[in-house]
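To start, the structure under review is shown below, and the notes come after it.
The values are calculated or read from the model by the stated rules, or taken from the named source; none is laboratory data. Owing to the predicted nature of the structure, the values given are computational and were not obtained by experimental measurement. Virtual Cβ from ideal backbone geometry, glycine too; neighbours counted across all protein chains shown.
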């Protein structure tokens with residue numbers, strides 16, 4: 001099965017989604033709580049990392065829709081959405 005991983009820039013959060021964007025798991029390193037200044041910052045890191053993983057998985061679905069010569073619904077995320085999520089993750093301040 002294909003998985004779509006995203007890692008927070010600190011290396012402390014790994015988020016894994018499977019095809020279609022279903023969350024498979026979240027892994028935190030032992031020092032995750034000490035790297036982030038607060039529980040809120042850690043939660044934000046998990047959310048940002050999860051969004052990138054989720055969107056990576058949805059890009060596969062989007063490509064399948066386009067390969068079938070179909071037009072995706074406007075609600076289906078685009079590469080621009082993924083790029084914006086990756087930028088937000090890269091720029092996360094903790």
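Data for the structure
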{"item": "Residue within segment 13-22 that is free of Cβ contacts under 8 Å to residues at least 24 places away in the same chain and surrounded by 11 or more Cβ atoms within 10 Å (Cβ to Cβ) present", "result": "no"}
{"item": "Complete set of residues in segment 23-32 that are surrounded by fewer than 15 Cβ atoms within 10 Å (Cβ to Cβ) and either in contact (Cβ under 8 Å) with a residue 24 or more places away in the chain or touching a helix residue (DSSP H, G or I) at 6+ places or on another chain (Cβ under 7 Å) (or both)", "result": "23, 26"}
{"item": "Neighbours by Cβ (under 6 Å, 6+ apart or cross-chain): first from segment 36-48, within 14 Å of residue 88 (Cβ to Cβ); second modelled with pLDDT of 95 or more and part of a helix (DSSP H, G or I)", "result": "48/88; 48/89"}
{"item": "Members of segment 1-12 found to be more than 10 Å from the chain's Cα centre (by Cα) and in contact (Cβ under 8 Å) with a residue 60 or more places away in the chain, listed by number", "result": "9, 10"}
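Okay, residues lined up against (1) surrounded by 14 or more Cβ atoms within 10 Å (Cβ to Cβ); (2) in contact (Cβ under 8 Å) with a residue 60 or more places away in the chain; (3) farther than 30 Å from residue 36 by Cα:
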residue	(1), (2), (3)
53	yes, no, no
56	yes, no, no
68	no, no, yes
71	no, no, yes
80	no, no, no
84	yes, no, no
90	no, yes, no
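So that you can scan it fast, the table gives a plain yes or no per residue for (1) in contact with a helix residue (DSSP H, G or I) (Cβ under 8 Å, 6 or more places away or on another chain); (2) modelled with pLDDT of 95 or more:
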residue: 38; (1), (2): no, no
residue: 48; (1), (2): yes, yes
residue: 57; (1), (2): yes, yes
residue: 61; (1), (2): yes, no
residue: 67; (1), (2): no, yes
residue: 70; (1), (2): no, yes
residue: 83; (1), (2): no, yes
residue: 87; (1), (2): no, yes
residue: 90; (1), (2): no, yes
